[in-house]
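Read through the structure below, which is laid out as structure tokens, and then see the notes.
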Amino acid sequence: MTDGEDTPEADETDGESGGTAIRRDRFSGGPARGFMSSLAADDRIFAADLQVDRAHVVMLAEQGIIDDEDASAILDALDDVEAAGHGELPDAEDVHEAIETAVIQRVGPEGGRMHTARSRNDEVATCIRYRLRSDLFEALETVVGAREQLLDAAAEHTETVMPGFTHLQYAQPVTVAHWILSYEGPLARDTERLFSAFDTTNQSPLGAAAFAGTPFDVDRERTAELLGFDSTVANSMDATSSRDFLVETTSALTTLATTLSGLAEDLVVYSGRDYLEISDDYASTSSIMPQKKNPDTLEIVRATAGETQGALQQLLTTLKGLPRSYNIDLQEATPPAWTAVDAVPPALEVATGALTTAEWNEDVLAAEAAAGFSTATGVADRLAMAGVPFRTAHEVVASVAEDLEPGQDAPDLDALEAAAEEILGEPLTAYVDRETLTATLDPVESVAMRDSAGGPAPEAVVSQIDGARERLSADEASVAERREAVTGALDALETEVDRYV
């Protein structure tokens, strides 16, 4: 994906003189050529480059910059190059040079007219955006699919009580559905970040040439339309030199990976506490300890966050301090983004699969839900609701918690009565009757009383699920709308190409 000082046309070589369409004999040899070459890695943008070439050639013909006969020959040669595949390209510095050389070999010098009014600088930027757009579609479709699966799983467990933690200490009882929704929410925000990255990416740099535009009467909006881009990057220098769309994409995926890392960690911990059993499809055994069932896939999901964070840091460091306009450092800016787009969607599928196929041990969860006097806050809330200042209510309950025996999950009512007499100076029943207190000590009742918006009470959770499904439906429609727009544009490009071939 490198660039030299391109001329408007490359008519002077037929690719048979020992050089290439760009380098020719003078710059074709030496160890630096291999050091600079990105041809092998460019397999990823091979198909994108062919489409960009087609759109550019169609535009050149429509604008009268090249004649229809040359356009026809070039477009026909591009079909032949595509059929032969990336592996049959001639040796070159990058895929752009290799394709152009292959076209000239088939057509003759007139094949070089395909490079009129452009540079590899705007060409590669367009190819990267074109291919990255496809990867972002995959990421978006994966994340909206994962959210749907999580919502379905949550709907099955709106009343399945489980312990909740802060600092990995027993805190308050919640439900499995409430815990699942605590990850669906971040995934919804991850979706919005990916939409933003998509929209930033889906702008065409083509027609900016090396960085200072071109004297030819090009139609940049036309090539953007043919390639399914929403618009052009207006400034030609910005178009060729900016890679902020890579940063935005890699950052969005890194944030998503961080969300997944937390989900994976919870599942690993819950598996170790026997709260759930991971499906064999997402686990493995030890090579020496046959009784072991390890959540290995989730541990790899957890590590993905580190991989993508490293990729983001690499990308930012590469871009830091680059002068305008094009610098070949930018060749090293794209691989970190590919790292993220390759790693995160599969990790999301694995994490979602592990969660939605796990078997929750509801008896263990119910027994653990009251552990560590996790209903203490509920008791304090009841006192506060009856008129006791919350800080005083907190003191009453805390004094009882300090005297609990090891393994005792909740105090008896007599202990609460004694603490109330000592701190409040009057019986506890002056504020809360014993029946209500007994119910408050029950984890199920404790969950049910916390019915504020976003809380774990079953009706509050159902409301959250309904709202999340509405957001999900809107996001699915947005993905489909973008997909249809791109597909329609590429169909139109194919129709235009057929006019010449």
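The values are calculated or read from the model by the stated rules, or taken from the named source; none is laboratory data. All figures in this text were calculated on a predicted structure; none of them were measured in a lab. Here Cβ is always computed from backbone atoms with ideal geometry, including for glycine, and neighbour counts include all displayed protein chains. Each accessible area value is taken on the protein alone, full model and side chains, heavy atoms only, with ligands, DNA and RNA left out. Shrake-Rupley method; radii C 1.70, N 1.55, O 1.52, S 1.80 Å.
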*What size of dipole, in debye to the nearest 20, comes out for the stretch 176-253 about its Cα centre when the only charges are +1 on Lys and Arg C-beta atoms and -1 on Asp and Glu C-beta atoms?*
180 debye
_Helix-only estimate, please: 222 nm mean residue ellipticity of the chain, summing -39500 (n - 2.57) across DSSP H runs of length 4 or more and dividing by its residues, to the nearest 500._
-20000 deg cm²/dmol
*Along each principal axis, Cα extent of the stretch 87-224, largest first, Å*: 75, 33, 27
_Could you report the accessible area of Arg131 in Å², rounded to 10, computed with a 1.4 Å probe on the protein chains as they sit in the structure?_
70 Å²
_Taking the full set of protein chains and a 1.4 angstrom probe, give the accessible area of Asp152 in square angstrom, rounded to the nearest 10._
70 Å²
*Pop out the carbon and sulfur fraction of the accessible area of the stretch 32-126 as a percent, whole number, probe 1.4 Å.*
45 percent
*Find which of Tyr326, Gln105, His86 sits farthest along the positive direction of the dipole of the chain, computed with +1 on the beta-carbon of Lys and Arg, -1 on that of Asp and Glu, about the Cα centre.*
Tyr326
*Under 1.5 on a/c is rounded, so check that first for the stretch 365-413, then, if it is not, pick prolate when a/b is larger than b/c and oblate when it is not; a ≥ b ≥ c are the square roots of the alpha carbon gyration tensor eigenvalues.*
oblate
*Where the eigenvalues come from the Cα gyration tensor of the stretch 225-280, what are the semi-axes √(5λ) of the equivalent ellipsoid, largest first, in whole Å?*
44, 13, 6
*Measure nothing fancy, just the Cα-based angle from helix 413-424's long axis to the longest principal axis of the chain, in degrees from 0 to 90, nearest 10.*
90 degrees
_Positive minus negative residues near Glu445 (Lys, Arg vs Asp, Glu; Cβ under 13 Å)_ = -3
*asked:* Nothing charged except the Cβ atoms of Lys and Arg (+1) and of Asp and Glu (-1): what's the magnitude of the dipole of the chain about its Cα centre? Round to the nearest 20 debye.
replied: 1200 debye
*Using Cα atoms only, what is the angle between the long axis of helix 176-201 and the major principal axis of the chain, expressed in degrees (0 to 90) to the nearest 10?*
20 degrees
*Scaled radius of gyration (Cα, divided by 2.2 N^0.38 Å) that the stretch 241-382 gives*: 1.44
*Taking only Cα atoms, what is the 0 to 90° angle, nearest 10, from helix 376-385's long axis to the longest principal axis of the chain?*
70 degrees
*Skip the ligands, DNA and RNA, and give the accessible area per residue of the stretch 162-231 with a 1.4 Å probe, whole Å².*
38 Å²
*Assigning unit charges at the beta carbon (Lys, Arg +1; Asp, Glu -1) and nothing else, what dipole magnitude in debye, to the nearest 20, does the stretch 364-443 show about its Cα centre?*
340 debye
*asked:* How large is the convex hull of the C-alpha atoms of the chain per residue, in Å³?
replied: 184 Å³
*Candidate residues Tyr326, Tyr170: accessible-area rank, largest first, probe 1.4 Å*: Tyr170, Tyr326
*Per-residue accessible area for Glu494 at 1.4 Å probe radius, Å² rounded to 10?*
110 Å²
*Shape category assigned to the stretch 201-308 from the gyration tensor of Cα positions, a/c cut at 1.5*: prolate
_Net lengthening on full extension, Asp219/Glu484 (0.36 nm per residue, minus Cα-Cα)_ = 93.0 nm
*If the viscosity is 1.306 mPa s and the temperature 10 °C, what translational diffusion coefficient in µm²/s does Stokes-Einstein give for the stretch 346-457 when Rh comes from Kirkwood over Cα pairs?*
101 µm²/s
